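Participant: Take a look at the following structure, please.
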Amino acid sequence: MNRPSTFACYEDQEQHWYDLFSRGARDWLRHNEKIGRAVREKLPELIANADVLGSGENTVKVPVRFMEHFRFRLRAPEEQNGVGQGQAKSGDKLGRPGQEKKQGKKGAGGEGEGGFDLVLELKIDDIVDWLWEELKLPNLQPKSGGMRDEDLVREGWNRRGARSRLDRRRSLKEALKRRVVDRDGPAFIDDDLRFRQLVMRKQPATKAAVFFAMDVSSSMRDRDRKLAKMFFFWVMQGLRRQYQQIETAFVAHTVKAWEFNESEFFEVRGSGGTVASSAFGMVNDIIRERFDPSEYNIYLFYASDGENFRDDHDAASSSLSEISSAANYLGYVETPASEDRALETETAEIFKTLMEAGGAAGSFALTDTDAVWTAIRGFFQDQVSEEAG
Amino acid sequence: MGRTLKDNGLSMEALGQDLGLDYYPLHFEEVPESFMMEIAVYGLPVRMPHWSFGVRYIYQLVQHRMGNSRLYEVVYPGNPGRAYLTKGNSLAENTLVVAHVLGHADFSKNNALFKRSQEEIGYRIVEQAAAHAQRIASAIEEHGEEKVEQVLDAALALEAHVDTFKGMRRNLQKQPTNTSVNSNCAFRERYRDLPGEQLQGSDDGQQPGAGAIFSQEQDLLWFIANHAPELEGWERDIFLAVREESFYFYPVFACQIMNEGWACHWHAKLLREADFLSDGDYLDAIKTHSDVVRPHAAGRNVSLAANPYHLGFCIWEKIIEEQGMERAFEIRAEDDDFSFIRNYLTEELAAELDLFEYVAKSDGTVEVVDNGIAELRESILASKFNFGAPVVVADRIDVDGTLHLVHDHKTDGRGLDLRRTEKVLEYVQRVWRRKVTMDTVDAKGAPRALSSAA
């Protein structure tokens, strides 16, 4: 005779262990963590392909594929027999050539089914962290030198002060010292109290002004702008780690220069030729008006295809030298019309002359998205060696 | 005061026992749908953690959201058996499910494959799996997630590579290690038996078992657990835990069509007899029955898959109609899907059910073919051979500890997927800690040796 079965039909109010956490969700998070790490190994691709600018968010969305837990499997066969059900007779054709068979593989696993993709959301800060580790860069320090801000800093102790600045540890120490001599003295007297002092001190400047200038003449293609935009974006992320406060200015030019806000800047399309001095001149004007070099660390990044008017050579050179004397670093990114002639252009020549004269500057060629990675690495490594030097 | 699930369930049981169902007592539990979903994904209510379950979980979740799957019950054989029902299903639905579970419970107590696996691994798989999960959790605490995960990557990848014929508990000493040396040399045997003497001592600097020839060992989990040169105790523990669960899963896998068909037969039969159900509940339950036991092609002209519930149900109905209930009880005790399909899916029945065989080519063409009932049966069974996995054996260990695996491509008809194989070899190498190789054939049928990058 069978024993009767038992039935447990719980009320909704009861709490069960399985309400406390979801194992499925736990293992799913672990999967995502592993994917995140796998994504990290593809940092150069990520940097090059992330459509990051303009979104205004602090994250990048990266489409990834689910990880597969591999098993021994037979090779996909040329022909596979199966059994179906329904009205069909021998010789009937049920599928057409070219129709991709998207049937999920049945069996022990659930892996391999197509159907939906995973979009991983990565924090820009994390990516920059990875970048830093990948490039083995030390943390950059703000430039010192003549540039200083004034700020209150803690320095020393005083016997008088506001209650909130009482240093308990220090006061106790004083009390102990006193009682070594005077064993029966009171636990604390006013003379034991020590208060932290604040004084005004000059600090290394933590403000930066970053100029992004771009040639928007008709010879700059959409692709060129996109490359420049990527480079600008990652450079900006790197500088953000270095300075507490960053202000930006965007200058576009053809034969003339205009200042724009960020969103307009990448949309601007001009016509006509390229006169770089117009932009450099405007940068100098803005520095004079808004960014005192004794307060700001100044950076200029300039993107162009390099085809500057030859007649503009002297004007552009002198204008650039003027910026250089006020700035920490000048970066030139070229999106050359032909790959093999990268950095042999008129504009590249101007920057080269500046570097040879001892100006802190660098030139990078952006021929394709892969080159963005190389350029960024080059830029940050320049920064580190500048600092060491 | 209406009837509760317990009332209906106990009435169903009484009815089932009158009709000859024989099973260990069951513990029924109604659980939230979210938990049912996890049970379906993990195969067991509490199971070891692994990221691959997370992937299956998301698929399940999405499918569920799209309304493509409904979960009614999961039942674990054992003494007591444990059945989980979805809370929130209607009383009529869950009453039907209780009847269905009784069918499964009868099957798992009496079917030879289930009986054997329970005798070997015990009658409390739910608790045992929970204990495995617990031990793995403490291993994670002690050795870190990464290390434990590496072992699980390898062990779960080899999940299907066990040998249920050789059994769960195997004596290590009786393995024919070094048969070529030992068997033909009586002196050596006598020498080895001397007190204090150890032949093939491990102090000669060789790997234990190195150079040994094994009899084409198919139980890779067992083999690695016992012969891996530097496997630590806790790692072996994980391999053996995964193996034990595989032994549990095997009969479920190998009897799916029979078992589901049997349970469907019984819920239908019990429902017909259940005079304690109101008309409304009866109609609801019958509707659920026809949703479950329905050919995939229903409502469409053709489907490229056959519903195992429907197939099993129809074969059982035919057997009972033609051979009687007594014979049906015998078949449920003796057969598995292979013998069930080969013996009882007759040509007439296949025609009645509109089953057809087709050939799908890689270019997308699907052509209906008629190669006779024998081939149709084999096509149904094709995915079930060898626990659904390619036939791979451990062939030998070299003196340097390299493990050679060999794929029996003749049996399987074609070679392995090379990319996936290399990945699995990498998993295995991390626990074997020596090179691991695999012999198979490529697309052209030419021999191909793969090896882990070591």
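What follows is calculated from the coordinates using simple rules that are stated; it is not laboratory data. Quick caveat: nothing in here was measured; it's all calculated off a predicted structure. Heads up, the Cβs are rebuilt from the backbone with ideal geometry, glycines too, and the neighbour counts pull from every protein chain shown.
Participant: Need the failing condition index for B:Pro32 against (1) out of contact with any helix residue (DSSP H, G or I) (no Cβ under 9 Å at 6 or more places or on another chain); (2) facing chain A (nearest Cβ under 8 Å); (3) under 25 Å from B:Gly103 (Cβ atoms), just the number.
Facilitator: For B:Pro32, the exception is condition (1).
Participant: Next question. Restricting the search to segment B:8-23, which residues are more than 8 Å from chain A (Cβ to nearest Cβ) and touching a residue at least 12 places away in the same chain (Cβ under 8 Å)?
Facilitator: Scanning segment B:8-23 gives B:Asn8, B:Ser11, B:Met12, B:Leu15, B:Gly16, B:Leu19, B:Gly20, B:Leu21.
Participant: Considering every residue within segment B:391-408, establish whether at least one is closer than 30 Å to B:Ile257 by Cβ and surrounded by fewer than 17 Cβ atoms within 10 Å (Cβ to Cβ).
Facilitator: Yes, segment B:391-408 contains at least one residue that is closer than 30 Å to B:Ile257 by Cβ and surrounded by fewer than 17 Cβ atoms within 10 Å (Cβ to Cβ).
Participant: Of all residues being over 17 Å from A:Gln85 (Cβ atoms) and among the small types (Gly, Ala, Ser) in segment B:354-365, which is nearest to the other protein chains (Cβ to nearest Cβ)? Just the residue, please.
Facilitator: B:Gly364
Participant: I need the full set of residues from segment B:366-377 which are surrounded by 17 or more Cβ atoms within 10 Å (Cβ to Cβ) and more than 8 Å from chain A (Cβ to nearest Cβ), in order please.
Facilitator: Correct list: B:Ile373, B:Arg377.
Participant: Tell me which strands (runs of 3 or more DSSP E) are completely within segment B:336-413 and hold 2 or more residues being closer than 30 Å to B:Ala449 by Cα, or say none if there are none.
Facilitator: Correct list: B:355-361, B:392-397, B:403-407.
Participant: Sticking with this structure for a sec: Of all residues in segment B:427-439, which are part of a helix (DSSP H, G or I) and surrounded by fewer than 18 Cβ atoms within 10 Å (Cβ to Cβ)?
Facilitator: Scanning segment B:427-439 gives a single hit, B:Arg430.
Participant: Say whether the condition of being within 22 Å of the chain's Cα centre (by Cα) and among the small types (Gly, Ala, Ser) is met by at least one residue in segment B:69-79.
Facilitator: yes
Participant: Within segment B:66-88, track down each residue that is within 11 Å of chain A (Cβ to nearest Cβ) and surrounded by fewer than 18 Cβ atoms within 10 Å (Cβ to Cβ).
Facilitator: Once the filter is applied, which keeps residues that are within 11 Å of chain A (Cβ to nearest Cβ) and surrounded by fewer than 18 Cβ atoms within 10 Å (Cβ to Cβ), segment B:66-88 yields B:Met66, B:Asn68, B:Asn79, B:Lys87, B:Gly88.
Participant: Right, B:Val431: facing chain A (nearest Cβ under 7 Å) and either under 22 Å from the mean Cα position of the chain (by Cα) or in contact (Cβ under 8 Å) with a residue 12 or more places away in the chain (or both) or not?
Facilitator: Spelling it out, it is not the case that B:Val431 is facing chain A (nearest Cβ under 7 Å) and either under 22 Å from the mean Cα position of the chain (by Cα) or in contact (Cβ under 8 Å) with a residue 12 or more places away in the chain (or both).
Participant: So, in segment B:41-77, exactly how many residues are in contact (Cβ under 8 Å) with a residue 12 or more places away in the chain and either closer than 22 Å to B:Arg135 by Cα or among the acidic types (Asp, Glu) (or both)?
Facilitator: Matching residues across segment B:41-77 total 14.
Participant: Among the residues of segment A:311-328, are any within 21 Å of A:Lys229 (Cβ to Cβ) and not polar (S, T, N, Q)?
Facilitator: no
Participant: Going through segment A:251-291 one residue at a time, which ones are surrounded by fewer than 15 Cβ atoms within 10 Å (Cβ to Cβ), free of Cβ contacts under 8 Å to residues at least 24 places away in the same chain and not in a helix (DSSP H, G or I)?
Facilitator: A:Lys256, A:Asn261, A:Glu267
Participant: With respect to B:Leu96, determine if the residue is farther than 23 Å from A:Thr6 by Cβ, more than 13 Å from chain A (Cβ to nearest Cβ), among the aliphatic types (A, V, I, L, M) and touching a residue at least 60 places away in the same chain (Cβ under 8 Å).
Facilitator: no
Participant: Among strands (runs of 3 or more DSSP E) lying entirely in segment A:293-373, which contain 1 or more residues that are more than 23 Å from A:Ala209 (Cα to Cα)?
Facilitator: Correct list: A:361-365.
Participant: Same structure again: Given the criteria touching a Lys or Arg at 6+ places or on another chain (Cβ under 7 Å) and at negative phi, does B:Arg342 qualify?
Facilitator: Here the answer is yes, as B:Arg342 does meet what is asked.
Participant: Still on this structure, I have one more. Which residues, counting only those in segment B:19-30, are among the aliphatic types (A, V, I, L, M) and surrounded by fewer than 22 Cβ atoms within 10 Å (Cβ to Cβ)?
Facilitator: Matches in segment B:19-30: B:Leu19 only.
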